[in-house]
2 protein chains.
Amino acid sequence: MHEEHLAINRRLAAQLRVDSIRCSTSAGSGHPTSSLSAADLMAVLLTGHLRYNWDQPDSPVNDHLIFSKGHASPLLYSMYRAVGVVDEDELINTYRRLGARLAGHPTPTIPWVDVATGSLGQGLPDAVGIALAGKYLDKLPFHVWVLCGDSETAEGSIWEALDKASYYQLGNLTAIVDINRLGQRGPTELQWDVQRYVARVEAFGARAIVIDGHDLAAIDTALRQARSDTDTPTVILARTIKAKGVTELEDKNGWHGLALPPEMAERAISALGGPTHLVIKTLSPTQGHAVPAIKANPGAAVVLPSYELGEKVATRVAFGAAIAALAARPEVVVLDGEVGNSTHAEEFAKVCPERYFEMFIAEQQLVASAVGFAVRGYVPFASTFAVFFSRAFDFIRMAGISQVNIRLVGSHAGVEIGEDGPSQMALEDLAALRAVYGSVILYPADATCAAKLTLTMADTEGIVYLRTTRGAYPVIYPAAEAFPVGGSKLHRAGPEDQVALIGAGVTLHECLSAAEELAKLGIMARVIDAYSVKPIDRAALIEACNVTGSRLVVVEDHYPEGGLGSAVLEALADAPVPALRIAHLAVRGLPTSGKPSELLDAAGISSRHIVTAARELAGRGHSDD
Amino acid sequence: MHEEHLAINRRLAAQLRVDSIRCSTSAGSGHPTSSLSAADLMAVLLTGHLRYNWDQPDSPVNDHLIFSKGHASPLLYSMYRAVGVVDEDELINTYRRLGARLAGHPTPTIPWVDVATGSLGQGLPDAVGIALAGKYLDKLPFHVWVLCGDSETAEGSIWEALDKASYYQLGNLTAIVDINRLGQRGPTELQWDVQRYVARVEAFGARAIVIDGHDLAAIDTALRQARSDTDTPTVILARTIKAKGVTELEDKNGWHGLALPPEMAERAISALGGPTHLVIKTLSPTQGHAVPAIKANPGAAVVLPSYELGEKVATRVAFGAAIAALAARPEVVVLDGEVGNSTHAEEFAKVCPERYFEMFIAEQQLVASAVGFAVRGYVPFASTFAVFFSRAFDFIRMAGISQVNIRLVGSHAGVEIGEDGPSQMALEDLAALRAVYGSVILYPADATCAAKLTLTMADTEGIVYLRTTRGAYPVIYPAAEAFPVGGSKLHRAGPEDQVALIGAGVTLHECLSAAEELAKLGIMARVIDAYSVKPIDRAALIEACNVTGSRLVVVEDHYPEGGLGSAVLEALADAPVPALRIAHLAVRGLPTSGKPSELLDAAGISSRHIVTAARELAGRGHSDD
């Protein structure tokens, strides 16, 4: 590195340190010491390696920079000031304030932020998804840079990410690990034992480069090497000092999440040379390949499968056929968690192997990859058994905060799966995923609905979840039926209905059988197919209440808390309807193995239980009214 | 290995294979091929290494055997037959049947099973907890054996587990990886590239031993070596052949989760020598140290901290003081996710470092360790930020199926945390954790309640979750107050109340302020402190409905789905109360950073919003009635 370049980097690093201190002290909170350790690394990245057009954050040729250690936001935002996209006033006076985009941890409310970070161990997995898109679909020379903390390497997700990065030969990905030895409450596990990091990184198939993270020339060389490799991801293991540059705090425990008090900040800023306003012109994005190899075509014709009424087809099978049809859209990508033959996602692979990515049994990386593809503008569908999305719940939660559009398809939901037993039964997925910010929850009862909803998902924003069923049940909707998000389907409805049976997925079939049985007994029951669990069709529920005197039987293959029953109740909480008389049939005990029909019955959610509950409600009605 | 011993092992391995085929073919489902690959490994373990008194599964000196690859249950159950605790009829005719203990994947309904498995990558982490207990607390020479699949090494949790196993020098732990090269839908990532497994295992600090998993003598030597080490965990990397012993299926893709059809089964059984009934006498548990070094004393006096009314104390601080007091009980163990200074769990470490285990930033292992300690009879408290239990949701779900008793303490819940922003805000934890089988959800509003509930948790069964708050709020309960699980506290109640305000944790304080304000406006409002979110105090809610005409304002620092609001609604769904007029105040937008009070207000869950909602309900009441 030339002396001139060195000097600029030295000045920039000082400015990044000063600004990190200033903004956090002004806010009275934040993580300046975790910012100071990485200031030299980021200075050199910014002056000589990151290729980015700050005026066009959506440009497809920009590099990506992700702070996996999101708490180093003072540093990230100070970089934004250094490149001229955030001014001093915004940095110093809005950081961490109500409504400000410069939040405590980065979120994509900021145009140059791809994904929300702050839950450690997620930025690198997300970056793997972005790098996959860059290498295999976009075929663009952008590079993905990730700043990681050393503490977060304790998260298994980091190793899922490196494993997939090497499996997919992501030479366009570089993780820079800021090994500052100190976590929040004390030393990290490996402290400065950098060779143990090297062994782990290399064992997982990445190239390790060890440097002194405060040696500007060494950083420069390492970053150049990192970009030069085309088939191996690089991990730069940078030995650093926490709070580097503030002598009285350097390598000192107990200062993790604390802003410097004003007097100390003043001393430190002064020792660093005081506030400056160096403006850096970063390198332009690599020229020559300005357009992604794949051009989205959301208008492409998709020929969905169609089914005969009465034919028995599993909704997971219909999903498989529909997702294969969606291969007609060049932006659709499918990710599998090593169960593609069960979820039927593999039908996509058969027609479009180039946009099908196997994530093996690593559900956190499965979801993170989807997030990465979404960042690059693709329409990712990630699928596994419904129950195993629980493994990635923190990633799904963070995807909600990132406000990316991802589609999750979970098969084998509920006790209906049968013999495999409770470990494989999703019985809490509706509760967990309904509570994710911006989620949409769909649960088709038949193949027609499943196919249609698969297409709808591609055009729906947010965290869109489709719950499919293992077994085959009769097709009940004709091919022309439409299934808008937020809608429902009404069966056997009449103005004299005494009770409404509300089901979704497999329980809808139980409700239909029960209604038939009830009719024989002289009890009129309408059936509502709540295929859109969130948002739920409130108007249909209110109408059902008004017709039946709020006599509802809600039936779900899920534990009683937070699922379809709660969705119905939440919708009716302030509705102008008669006093509720709801029988809520759900899975209340711990299921065993068994045949699906036996288990539905043992759980109390089969047709005969619905009949009993409905008779009781209707009977109570007769005597009450 | 002597020829005689070799012959017995050969016969046993054949029997285990035959029985694995028989039971799964009889059931018509299951994973025989994944059982066959590990039959030799388990035969040698059973005949010469596992020290177990089958008549006393609760004996503290027994070894532990965990099938992390729970789908190999045919093999496990065949082992039970071989040692004489399960008879042929049960094995062949009940496997995977309704209500049978021999479920598709093992659960502790079976006396010799410690933890439910079937969600891959969890058995080994659980075993780390058991081994921690054995080495550091019990100080007993039992060994923990874990049979892992090769596919599950793609789960990050496996590496979290090995990392902690080596960090804590768990020489009493051996993982046996059945590297049969084939997953469910095709080859695994690393297939038979055993040296890459070696590199990873060694990089994570464990000893790797590579063997041919069908060479009985080699297995014997490896298992002996494994047990001989006292400070290093061992990973036996056994190269095996899927479906070994059934020539027509060996190493053949497409047979993962399928039972052999009857004719094929007959051929295979015949080739293996037909059904036999060899009964194995396993080694007795190691003699000499028959009693754990720690003797539980649940009756030990615990002197809880007490607080002055009106004093401002954060509930997380009260938890810290209370958990430190609980150190008086020798069975209490505390596990930290590298945030002990924030959750205040570190108060326990100050008085009882020997029962405090740092798990660093690895929440899956944090929860798994708690499960392991619970298996050994301890009373574990695992704590981190409330939001980061989402990282371990699948582990918590499985702990529910295991029906172990663990305590989870999550601090920094909701928008109340302030400046750190949404990534750190638990806003979906109540929904997710309420839906876990056998969970109990507690959410104290003041320090007295937090301290009392901490003690209560120690004596409460199930997955018990305590949600604590970051900020300091006034103490509202005297030290003598009792807080039973399932209870609530009533404030300002009278027979003329027009509305009930229902809060928990931080929102209870907002409700109390609102009630005061409403009183000035001439509106009588009772306030219910729903500190027990699950089970919730249904009687108190019904009474409130009957008094107020079901005019309730439910206020929670949580997204609207599945939390306190849903808990209230679920309790009232079939209650004989007037038609509900519920205003549900919850966090409906995506929060930013800000001051806690600003964020509560911006989210619409502060006192003034409660006042508005209550006035509207009360007003509506006047015009309606």
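Each reported figure results from applying straightforward, stated rules to the coordinates on display, with no laboratory input. Note that this is a predicted model, so its numbers are computed, not measured. When we count neighbours, we look across all protein chains shown, and the Cβ atoms used for this are built from the backbone with ideal geometry, even at glycine.
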So for R0 = 51 Å, FRET eff. of A:LEU521-B:ASN93 from the Cβ-Cβ r, to 0.05, ends up at 0.85
Expected response for nearest chain B Cβ to the B-A rotation axis, distance in whole Å, is B:GLY156, 1
Taking every other residue with Cβ under 12 Å from the Cβ of B:PRO422 and scoring Lys and Arg +1, Asp and Glu -1, one gets -2
Among A:TYR95, A:LEU50, A:GLY28, the residue whose Cα sits farthest towards the positive end of the charge dipole of region A:3-271, when +1 is placed on the Cβ of each Lys and Arg and -1 on the Cβ of each Asp and Glu, is A:GLY28
Percent of all alpha-carbon pairs of chain B at distances over 44 Å, whole number, is 30
FRET efficiency for B:THR612 and B:VAL85 from the Cβ-Cβ distance with R0 = 41 Å, rounded to 0.05, comes out at 0.05
Counting other chain Cβ atoms within 10 Å of each Cβ in A:156-167 and taking the mean gives 5
Per residue of B:88-97, other chain Cβ atoms within 10 Å number on average 2
By the C-alpha gyration tensor axes a ≥ b ≥ c (rounded if a/c is under 1.5, else prolate when a/b exceeds b/c, else oblate), the shape of region B:207-326 is prolate
One decimal, nm, nearest first: from A:ARG224 to the same residue in each other copy, label points 7 Å out along Cα→Cβ, the values are 5.7
Percent antiparallel among DSSP beta bridges confined to the protein assembly as shown, nearest 5, equals 15
Region A:3-271: relative contact order from alpha carbon pairs under 8 Å, six or more residues apart, as a whole percent, is 23
Checking rank on A:316-323, A:382-389, with mean other Cβ inside 10 Å and highest first, the result is A:382-389, A:316-323
Relative contact order as a percentage, chain A, C-alpha pairs under 8 Å and 6+ apart, gives 12
The alpha-carbon center of region A:575-599 and that of region A:142-201 are separated, in whole Å, by 46
Place a point 7 Å from the Cα of B:ASP193 in the direction of its beta carbon; the residues of region A:351-367 whose amide N falls under 18 Å from it are A:358-362
Inter-copy distances for A:GLU481, label 7 Å out on the Cα-Cβ vector, sorted ascending, nm, one decimal, are 5.2
For B:19-31, B:391-403, ranked highest to lowest by mean beta-carbon neighbours within 10 Å, the order is B:391-403, B:19-31
Karplus ³J(HN,Hα) for region A:176-181 (6.51 cos²θ - 1.76 cosθ + 1.60, θ = phi - 60°; Hz, whole; x = Gly/Pro) runs 10, 9, 8, 8, 9, 6
So, in nm and shortest first, the distances from B:LEU278 to its counterparts in the other copies, with label points 7 Å along Cα→Cβ, work out as 7.4
Listed by chain and number, the aspartates and glutamates with an alpha carbon less than 16 angstrom from that of B:LYS312, same-chain partners under 8 positions apart left out, are B:GLU416, B:ASP446, B:GLU510
Note on region B:489-617, DSSP bridge orientation, antiparallel percent to nearest 5 equals 20
Shape call for the protein assembly as shown, from the Cα gyration tensor axes a ≥ b ≥ c (a/c under 1.5 means rounded, otherwise prolate when a/b beats b/c, else oblate), comes out rounded
In the structure shown, of A:LYS69/B:LYS350; A:LYS534/B:LYS534; A:LYS520/B:LYS534; A:LYS534/B:LYS252; A:LYS244/A:LYS281; A:LYS252/B:LYS69, the pairs separated by more than 32 angstrom at the C-alpha atoms are A:LYS520/B:LYS534; A:LYS534/B:LYS252; A:LYS252/B:LYS69
A chain fully extended from B:GLU496 to B:LYS295 at 0.36 nm per residue, minus the present Cα-Cα distance, gains in nm 67.0 nm
Counting other chain Cβ atoms within 10 Å of each Cβ in B:182-191 and taking the mean gives 5
Descending packing, highest mean Cβ count within 10 Å first, for B:404-412, B:115-123, B:92-100 is B:115-123, B:404-412, B:92-100
Taking alpha-carbon centroids only, region B:523-551 lies from region B:379-399 a number of Å equal to 29
Heads up, region B:194-252 by the C-alpha gyration tensor (a ≥ b ≥ c square roots of eigenvalues; a/c under 1.5 rounded, else a/b over b/c prolate, else oblate) looks oblate
Rounded to the nearest 0.05, FRET efficiency between A:SER306 and B:SER270 (Cβ-Cβ, R0 45 Å) equals 0.45
